[in-house]
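Structure record follows, encoded as structure tokens.
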Amino acid sequence: MVQATEKKKFILSDYVREISKGIMEPIAVFFNRLGIMPNTMTILGLIGNAVGSYFLARGNMTIGGIFILAMGPVDSLDGTMARLRGEPSQFGAFVDSVTDRYSELLIFGGLIWHFLQEGNWIMIAVTYLAAAGSVLVSYVRARGQSVGYDTKAGLLSRFERYLVLVPSLILNIPWLGLGIIAVFANITALQRILDVRRQAYKKQ
């Protein structure tokens, strides 16, 4: 009953993934033919985000944002490649999820380093809150799944956070994207906690 309800919810990342299939699948086929493994693509995405975070740490917000923007499609290719190869695995999904968290923390870490150099303690605190909220959104879902409750509830999944942060970096107004994420990622974590609570009470 709970699963049927979840399927009816509009999830932006799922919708974008569905409509972009026609673009991503031919690219995934090309990389598969080159013999590149899906996990290799995952690691390349992590490296690209690390390069982007290096530029952010140096205060080059636009360049860093462009690198992170370019890594968006790379991050989504690994799953498509694995599916087309007929070998999607739980371990591959695990690696993808872990590297996503590393990528986010590298980006926030680069921004914190930059604000440390400026002595901007307000933005250091805002970035910390954004990082904490982002990690908690993913953690709450993973912890819920471990006890039998899946949740995609809330305003800012990773895809939405990406849509908020990247333009603010490219336009060199990181405070705006970070402020939005600091508030709404933590609200999203709370929404997911409440959704898991709702599912648990429904099972009783």
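One table, with the values for the structure above:
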{"item": "Spread of Cα-to-Cα distances over 10 Å intervals beginning at zero, given as percent, for region 2-203", "result": "9, 32, 35, 20, 4, 0"}
{"item": "10 Å-binned pair-distance histogram of region 62-136 (Cα, whole percent)", "result": "17, 37, 29, 13, 4, 0"}
{"item": "Order of LYS152, LYS203 under a 10 Å beta carbon neighbour criterion, fewest first", "result": "LYS203, LYS152"}
{"item": "Per-residue [θ]222 nm for the chain (sum of -39500 (n - 2.57) over DSSP H runs n ≥ 4, rounded to 500)", "result": "-28500 deg cm²/dmol"}
{"item": "Given charges at beta-carbon only (K, R positive; D, E negative), |dipole| of the chain in Debye", "result": "680 debye"}
{"item": "Local electrostatic count, GLY45, Cβ distance below 13 Å [Lys/Arg +1, Asp/Glu -1]", "result": "-3"}
{"item": "Virtual spin-label span in nm between ALA70 and ILE122, 7 Å along Cα→Cβ", "result": "3.4 nm"}
{"item": "Simple spin-label estimate for ALA132 and GLU25 in nanometres, 7 Å along Cα-Cβ", "result": "4.4 nm"}
{"item": "Of the DSSP H helices in the chain, those whose Cα atoms cover at least 27 Å axially and whose Kyte score averages -0.5 or more", "result": "38-57, 61-84, 90-118, 121-146, 174-203"}
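Rule-based calculations on the coordinates, nothing more; no lab input. Being a predicted model, the structure only gives us computed values, none of them experimental. Methodologically, a virtual Cβ is constructed for each residue, glycine included, from the backbone with ideal geometry; neighbour enumeration extends over all protein chains shown.
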